[in-house]
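The numbers here are math on the coordinates, done by the rules we state, and not lab data. Keep in mind it's a predicted model, so treat the numbers as computed, not measured. Every residue, glycine among them, receives a Cβ derived from its backbone with ideal geometry; neighbour counts consider all protein chains shown.
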Amino acid sequence: MKIAVQSAVFDLNAEIAALYGANPKIGAVASFLGLVRDVNAGQAVTSLHLEHYPGMTEKALERIVAEAGQRWELLDVTVIHRIGPLSPCEPIVLVAVASGHRGDAFAACEFIMDFLKTRAPFWKKEATPAGERWVDAREGDDQAAARWS
């Protein structure tokens, strides 16, 4: 398992290759790559700044991955979330899950992402032509996480 909160950009292909390596038990890898958009709530976004609570954030991510591991048969998981200033088109988050079968990989990847959005202590501030604004939590994120109950 790899959990990282970092400012540095990551190499998607290298991370996926490291996840499954030469493990012959892995039959499926499902991944989600989140990117900075140039529009949010109908307004142009020129940059995004992500903050987090060091130590607490990593522990929250570890708990989310552990819960996924209790629900599905997982062989490995990578979660990388970036912090600091980011520009449109830059990667923000990678969730990648390796398992023996695609069903477990898809479900666990979606579960981890849904709970990352609602349980991990990250804060986003967008820069727009009208000034800076904090990004509020979305009701849709809470609804997505609630379906796993």
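From the alpha carbon centroid of the stretch 1-22 to that of the stretch 53-80 is 14 Å. Looking at the stretch 76-135, none of the chymotrypsin sites (Phe, Trp or Tyr not before Pro) sits in a DSSP loop with at most 15 other Cβ atoms within 10 Å of its own Cβ. For the chain, the relative contact order is 33 percent, taking Cα pairs closer than 8 Å that sit 6 or more residues apart in sequence and dividing their mean separation by the residue count.
Of the residues PHE122, GLN70, HIS101, the one whose Cα sits farthest towards the positive end of the charge dipole of the chain is GLN70 (charges of +1 on Lys and Arg Cβ, -1 on Asp and Glu Cβ, taken about the Cα centre). Residues considered: ARG133, ARG37, ARG119. Largest GNM mean-square fluctuation over the chain, using C-alpha springs under 10 Å, is found at ARG133.
Find the lysine pairs in the stretch 2-133 meeting two conditions, Cα atoms under 25 Å apart and a separation of 8 or more places or different chains, and report how many there are. Spell out each step's value before the answer.
On the way: LYS2/LYS25; LYS2/LYS59; LYS2/LYS117; LYS2/LYS124; LYS59/LYS117; LYS59/LYS124; LYS59/LYS125; LYS117/LYS125.
The number of close lysine pairs in the stretch 2-133 is 8.
To check you understand DSSP bridge types, tell me what percent of the beta bridges within the chain (both residues inside) are antiparallel, rounded to 5.
85 percent
By the count of neighbouring beta-carbon atoms within 10 Å, fewest first, CYS89, CYS109 end up ordered CYS89, CYS109. When +1 charges are put on Lys and Arg Cβ atoms and -1 charges on Asp and Glu Cβ atoms, the dipole computed for the stretch 2-133 relative to its Cα centre reaches about 180 debye.
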